[in-house]
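Let me begin by presenting the structure, written as C-alpha cells, before commenting on it.
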Amino acid sequence: MTRSVEPTAMPEMALEDLPSFEAPWQAQSFACAMELSKQGHFSWSDWGSTFSQEINSRPQRDGETVNEAYHRQWLSALEALILSHELCTAEEIASREEDWRRAYHNTPHGQPIELSSAYSTHCKPKRHHLELGKPVAISPASR
C-alpha cells in the first residue's frame, strides 16, 4: 500500500552547499530521494528527520571520509523511508543488492558495471585470491 503525503517545498540550496558525488550511485540516490519526495511519497521534512536520525545513530566510521559517511547515511535513510512507506520490501532491496553484486563479479575489470550483467554467462567471477594448497608455476626471468 502506498501512502501519499502532501509534498513540502524542498529547500533552496546554493551550489557550494550541494554534496559532491564521487560515484554515479551517489548522484542517483540523491536524485531518487528528491524525486520520491517531489512525487509525494514522503515529505521533505520527513526526509530531513529520517536523515538526521541516521547521521546520529550511525556516525562517521574510522577510516571513512566525511563524503563516504554522508552518502552511506543518505542511502540508509532512503532505504528506511522506502521501507516505512511500503514503496518496496526488504526482500526486494536485498534481491536488487544481490543482482548488483553478481553484475560486479560478471563484469570484466575496467568496464562499467551494468545490471544486465547480473546473470550473464559470458564472464566468470574473478578469482582474487590463489587457492591454498595449489602449486604456483614460476618461470625464470629473462634478460
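The values are calculated or read from the model by the stated rules, or taken from the named source; none is laboratory data. Keep in mind that this is a model prediction, so the values were computed, not measured. When we count neighbours, we look across all protein chains shown, and the Cβ atoms used for this are built from the backbone with ideal geometry, even at glycine. When the accessible area is computed, the model is the full protein with side chains, heavy atoms only, and any ligands, DNA or RNA have been set aside. Shrake-Rupley method; radii C 1.70, N 1.55, O 1.52, S 1.80 Å.
Restricting to region 1-40, and then to whatever is within 28 Å of ILE113 (Cβ to Cβ) and polar (S, T, N, Q), can you tell me which residue is modelled with the lowest pLDDT?
My answer is SER20.
Identify all residues within region 72-86 that are surrounded by fewer than 15 Cβ atoms within 10 Å (Cβ to Cβ) and assigned to a loop (DSSP other than H, G, I, E, B); write none if there are none.
GLU86
Just need a number here: residues in region 53-71 that are of a type in the set (Val, Ile, Thr), exposed (fewer than 15 other Cβ atoms within 10 Å of the Cβ) and either assigned to a helix (DSSP H, G or I) or at pLDDT 95 or above (or both). Don't jump to the end; show me each part of the working.
Filtering region 53-71 down to residues of a type in the set (Val, Ile, Thr) leaves 55, 65-66.
Next, from what is left, pick out any that are exposed (fewer than 15 other Cβ atoms within 10 Å of the Cβ): 65-66.
Among the residues that remain, those that are also either assigned to a helix (DSSP H, G or I) or at pLDDT 95 or above (or both) are: 66.
Selection size over region 53-71: 1.
Name the single residue, out of those in region 90-113 being of a type in the set (A, V, I, L, M) and either open to solvent by less than 60 Å² (accessible area, probe 1.4 Å) or in contact (Cβ under 8 Å) with a residue 60 or more places away in the chain (or both), that is farthest from ALA80 (Cα to Cα).
The extreme case among them is ALA103.
In region 75-88, is there at least one residue being hydroxyl-bearing (Ser, Thr, Tyr) and more than 16 Å from the chain's Cα centre (by Cα)?
Filtering region 75-88 down to residues hydroxyl-bearing (Ser, Thr, Tyr) leaves 76, 84.
Adding the requirement that they be more than 16 Å from the chain's Cα centre (by Cα) leaves 84.
Scanning region 75-88 turns up at least one residue that is hydroxyl-bearing (Ser, Thr, Tyr) and more than 16 Å from the chain's Cα centre (by Cα).
When only residues in region 33-52 that are closer than 11 Å to LEU81 by Cβ and polar (S, T, N, Q) count, which is surrounded by the fewest Cβ atoms within 10 Å (Cβ to Cβ)?
The extreme case among them is SER49.
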